[in-house]
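The values are calculated or read from the model by the stated rules, or taken from the named source; none is laboratory data. Please read all numbers here as calculations on a predicted model, not as lab measurements. As a convention, Cβ positions derive from the backbone with ideal geometry for all residues, glycine included, and neighbour counts pool all protein chains shown.
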Amino acid sequence: MIILGLTGEKLSGKGTTSDYLVEKYDYKHYRFSKILDDIADRLYLPNTRENLIEVALMLRENFGPEILAHVLKKDIEKDKPEFAVVDGIRYWEEYSILKNLPGFHLIYITASLENRFARQQKRHEKVGESDMEMEEFEQQEQGPTEVLIKEIGEKAEFTVDNDGSFEELYNNIEDICQKLN
């Protein structure tokens, strides 16, 4: 079993990396945000970054900071995929639980603030993101879901700078896959 855990700032390329691994190598994709999306949808809340952060903080406060990592760990243990990618490790508790899974490798995907902001303006994944100003984007970088990412990234076995093209990102991911096989 190979499990690639992805950490990185919002819009750094974690989702693009996950999609590539799913399409090219049939990785099973696990996302922390999928759990939050499901809950927000069930509660008929708009899919905004703020709502998802509130749901995550509420779950962590009421059920422990590791609750979402326990859910994903149990999903992986139940599914027993040959290859898995876990997208969105943001807290030490998540890393601590997932790093003990057999075959786990942490990858830090990073990109400049300017490139990540430009990606947000184009993608329209969350309600209201394309209308956001750079100052608000920078403020979000100090939010509770973002502040530990660089520190966790320092524990990564691999770091990918995603300020280039898709081809460059995919080549970096290919290099990592070759090293792990």
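Observations on the structure shown:
- Residue in the range 85-102 that is of a type in the set (Asp, Glu) and either modelled with pLDDT under 90 or within 21 Å of ASN51 (Cα to Cα) (or both) present: yes
- When residues of the range 136-164 are limited to those that are of a type in the set (Gly, Ala, Ser) and modelled with pLDDT of 95 or more, the one farthest from SER112 (Cα to Cα): ALA156
- Near pairs, Cβ below 7 angstrom, 6+ apart or cross-chain, from the range 38-50 (closer than 16 Å to ARG123 by Cβ and charged (D, E, K, R)) to any residue that is part of a loop (DSSP other than H, G, I, E, B) and at pLDDT below 95: ARG49/LYS126
- The range 83-97 - residue that is among the hydroxyl-bearing types (Ser, Thr, Tyr) and farther than 23 Å from TYR20 by Cα and, of those, farthest from the chain's Cα centre (by Cα): SER96
- All positions within the range 60-102 that are surrounded by fewer than 21 Cβ atoms within 10 Å (Cβ to Cβ) and in a loop (DSSP other than H, G, I, E, B): GLY64, PRO65, GLU66, LYS80, PRO81, GLU82, LYS99, ASN100, LEU101, PRO102
- The set of residues in the range 73-100 that are touching a helix residue (DSSP H, G or I) at 6+ places or on another chain (Cβ under 7 Å), touching a residue at least 40 places away in the same chain (Cβ under 8 Å) and closer than 11 Å to TYR30 by Cβ comprises ALA84, VAL85, VAL86, ASP87, GLY88, ILE89, LEU98.
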